[in-house]
Amino acid sequence: MYLTTVELEYCLGKATEIAEQFRLEHIGSDDPQRSIDNLAVTCRKRLHIDIKLLKLDIPKHDAAQWGATFLHGDGSADICIVSDLNYCWERYVLCKELFHVLIDKEAYRNMNIEEHLKETTIAFPNDDSKPKPAVQVEVLAEMAAMEFLLPYECRLKELNGENKGNFLAIAEKYKVPQLLVERYLSLGYMENLAKFTKK
């Protein structure tokens, strides 16, 4: 999927800003397993809105392609998460939705869920696709969430650390889904994101 430099700088910049604020506000902020509850506190303070984290009584297999979503209101945001995600996936999807709230713009919104899911399904496997901003933001929020959960500087260390090549061990250390650890430690992702990430 084609993403502009401006959009990448915007979303990864937000991740850096919120991580710096998070470090100032919370004890143990440098622990590899950063607290998502504390991240929510930081987001509420930064945005001056009420953010609620809600569990839906819908199992993942019934929720098709999504594990969480957020609903934007005046002065509030409700993050809704399906009921049966494992701990690592729950941490990730909550973090991703918090970043949806943080990087939210009018252009990123699409109230037609069926159209949105269809365009997302078509765009994601195609590296040359140029979808609407509402689809692009799915990747942008993922990148921002992963920059918070497993920052670039930590990924650099892990590439040559004691867990080198052991994606499961790295996933366990940071409590991030192994699939995403493998993606973000891949050569392509490391090279492409290097120029957007503060070292």
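Details
- Of all the residues in region 1-55, those that are on the phi > 0 side of the Ramachandran plot and modelled with pLDDT of 95 or more number 0.
- In region 10-58, residue nearest to the chain's Cα centre (by Cα) [restricted to those that are among the basic types (Lys, Arg) and under 24 Å from GLY75 (Cα atoms)]: LYS14
- Selection of region 157-168 for residues being over 18 Å from TRP89 (Cβ atoms) and without any contact (Cβ under 8 Å) to a residue 24 or more places away in the chain yields LYS157, ASN160, GLY161, GLU162, ASN163, LYS164, GLY165, ASN166.
- Among the conditions (1) modelled with pLDDT under 95; (2) assigned to a helix (DSSP H, G or I), LYS130 misses just one, which is (2).
- A count restricted to region 180-198 and to residues that are farther than 26 Å from CYS43 by Cβ and surrounded by 17 or more Cβ atoms within 10 Å (Cβ to Cβ) stands at 1.
- Residues located in region 3-48, provided they are within 26 Å of TYR87 (Cα to Cα), of a type in the set (A, V, I, L, M, F, W, C) and not in a helix (DSSP H, G or I): ILE27
- Residue ID - surrounded by the most Cβ atoms within 10 Å (Cβ to Cβ), chosen from residues in region 154-179 that are within 17 Å of the chain's Cα centre (by Cα) and closer than 20 Å to ASP30 by Cα: VAL176
The values are calculated or read from the model by the stated rules, or taken from the named source; none is laboratory data. The structure displayed is predicted, hence computed values, not measured ones. Virtual Cβ from ideal backbone geometry, glycine too; neighbours counted across all protein chains shown.
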